[in-house]
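The values are calculated or read from the model by the stated rules, or taken from the named source; none is laboratory data. It should be emphasised that the depicted structure is a prediction, and the values quoted were computed from it without experimental measurement. So basically every Cβ, Gly included, is an ideal-geometry build from the backbone, and we count neighbours across all protein chains shown. We work out accessible area using only protein heavy atoms, side chains counted, and drop any ligands, DNA or RNA first. Shrake-Rupley method; radii C 1.70, N 1.55, O 1.52, S 1.80 Å.
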Amino acid sequence: MNYAKNKKYFTSDGCTIFGAGVGTWFLSFFLLSFLSVMIGENIGKPEIGALLAFLSLIIIAPVVTFFIVKALLAGRVTDEKYDAMIREHIQEMEQRALDKLGIDRDEVNEIDPIIIDGYNYDQCTLYKKGKDGVWRTNVYRVIYLFFSQNEVHSYTYEFSTTEDQKKDFTDVYFYQDIVSASTESSTATFKNQKIQYESFKLTTSGGTSLNVSTRDSGHVQRSISAMRQLLRAKKVSQ
């Protein structure tokens, strides 16, 4: 993962690039004009210096600015690129989750595994509202839930997109100890602006819980429905 490039997603925007372009143009024009005048004076032909300064204004400075801005735009991370980077990082993590839990895939086949993932809005240090209206942060969390005959096995992985920081942990819940599996609306405040987001929450009778924001509410609702049906069936049979 390119942490330095990901930081640019949060620190580089259109205004920054425009400002850099204008600054580059003025600086280039000033330096080139100064050199042009000096050349004209040294050769005893100030009109040549004036001509060079004029060329700097209409040709050289704009060309320099063009290439500087082009380089800045090439290194810019878009919403789509940022999302793609996260998808690539978390894909094919199922086997890692199974290894961490110490279980085999054929042991947890009561229903298909449930994967819920989203940005961490509570422990992030960088955030940005994308052009699509979605708030993105530099901390991401994914939860895997596996369902065996008597237990729900959970694996949580959280990582930073801008620093080499990651953590994961596992847990196991007996079906009869699970009180609820639901979605709820939560809020966070960024730049004095309150935002709302949906999150998944699993709560047990002991008060422990899993919590993760959701990106695909439709997928999450379908997954929760399947999980609730299994929970009801297990509690009836016990």
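Work out, step by step, the length gained on full extension between D104 and S217: first 0.36 nm times the residue separation, then minus their alpha carbon distance; give nm to one decimal. Length gained between D104 and S217: 37.8 nm. FRET efficiency for the pair N150 and S182, taken as 1/(1 + (r/R0)^6) with r the Cβ-Cβ distance and R0 = 30 Å, rounds to 0.85.
Placing dummy labels 7 Å off each Cα toward the beta-carbon, the span from E88 to R76 is 2.0 nm. Accessible area per residue for region 91-180, computed on protein heavy atoms with a 1.4 Å probe, is 50 Å².
Placing S237, S148 in order of accessible area, with the largest value first and a 1.4 Å probe, yields S237, S148. Accessible area per residue was computed with a 1.4 Å probe on protein heavy atoms; K7 scores about 90 Å².
Once backbone amide H atoms are built at 1.01 Å from N, N138 has T125, L126 as its partners under 5 Å, excluding neighbours fewer than 5 places away on the same chain.
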